Amino acid sequence: MENIYINHIAVLVCAVMSLVIGALWWSPLMFARSWQREVGLSDEQLKQMNPAKTFGLSFVLAYLASYNLAFFLGSPDTTWQWGIGAGLLAGVWAIAMYVIISLFEQRSLKLMLINTGYIAVYFAVIGFILGTWR
């Protein structure tokens, strides 16, 4: 069996990057208003969100996704280029499932593009981190 190396600190940083990229992606500088309009949430509804639950669970799930990708990139031969490629390939799985669900929910193309854009960027970034930070 091949030796697999996982940098656990890099995995933790990847999970944090989920929140960092999301904070920028869904900020007023980028897609906050468009996203909010497309999902039909008012400012009042967003204020009712439980931040500890939402951000805590988001972090845990990003941590699991990061570890999953780290196992795929655990080969000693992994490079940053393969990291980005593997991240984007993993993103294809996530994007495909998101789009399938969105089609049945009759979500708009605009919403699908906003959300799948985040997925693609996030997986490319964590692939880069995991491929580089050996």
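The values are calculated or read from the model by the stated rules, or taken from the named source; none is laboratory data. Computed from a prediction, not measured in an experiment: that's the story for all the values here. Ideal geometry is used to build each Cβ from the backbone, glycine not excepted, and the neighbour counts take in all protein chains shown.
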> Pairs under 7 Å by beta carbon, first residue farther than 18 Å from Phe71 by Cβ and at pLDDT 95 or above in the stretch 114-134, partner among the hydroxyl-bearing types (Ser, Thr, Tyr) and surrounded by fewer than 18 Cβ atoms within 10 Å (Cβ to Cβ), six or more apart or different chains?
Replying inline: Ile114/Ser34; Asn115/Tyr98; Thr116/Tyr98; Ile119/Tyr98
> Given the conditions (1) within 19 Å of Val125 (Cα to Cα); (2) surrounded by 16 or more Cβ atoms within 10 Å (Cβ to Cβ), which single one is not true for Ser102?
Replying inline: (1)
> Within the stretch 30-73, can you find the residues that are of a type in the set (S, T, N, Q) and more than 23 Å from Glu105 (Cβ to Cβ)?
Replying inline: Ser66, Asn68
> So, in the stretch 113-124, of the ones that are among the aliphatic types (A, V, I, L, M) and out of contact with any Gly (no Cβ under 7 Å at 6 or more places or on another chain), which residue ends up nearest to Gly85 (Cα to Cα)?
Replying inline: Val121
>> If I filter the stretch 47-70 for residues that are among the β-branched types (Val, Ile, Thr), surrounded by 14 or more Cβ atoms within 10 Å (Cβ to Cβ) and under 23 Å from Leu130 (Cβ atoms), do I get at least one hit?
In response: no
> Among the residues of the stretch 1-17, how many are part of a helix (DSSP H, G or I) and in contact with a Leu (Cβ under 8 Å, 6 or more places away or on another chain)?
Replying inline: 3
>> Go through the stretch 29-46 and report how many residues are among the small types (Gly, Ala, Ser), surrounded by 12 or more Cβ atoms within 10 Å (Cβ to Cβ) and out of contact with any Phe, Trp or Tyr (no Cβ under 8 Å at 6 or more places or on another chain).
In response: 1
> Since Leu111 meets every condition but one in (1) within 23 Å of Val11 (Cα to Cα); (2) within 16 Å of the chain's Cα centre (by Cα), which condition does it not meet?
Replying inline: (1)
> Within the bounds of the stretch 31-51, is there any residue that is closer than 26 Å to Ile9 by Cα and either of a type in the set (Lys, Arg) or free of Cβ contacts under 8 Å to residues at least 40 places away in the same chain (or both)?
Replying inline: yes
> Within the stretch 65-87, which residues are in contact with a Phe, Trp or Tyr (Cβ under 6 Å, 6 or more places away or on another chain) and of a type in the set (A, V, I, L, M, F, W, C)?
Replying inline: Trp80, Ile84, Ala86
> How do the pairs read when you match residues in the stretch 86-109 that are at pLDDT 95 or above with residues anywhere that are loosely packed, with under 15 Cβ neighbours inside 10 Å and assigned to a loop (DSSP other than H, G, I, E, B), using Cβ under 9 Å and keeping only pairs 6 or more apart or on different chains?
Replying inline: Ser102/Ser108
>> Is it the case, given these coordinates, that Gly83 is surrounded by 14 or more Cβ atoms within 10 Å (Cβ to Cβ), within 13 Å of Val125 (Cβ to Cβ) and more than 13 Å from the chain's Cα centre (by Cα)?
In response: yes
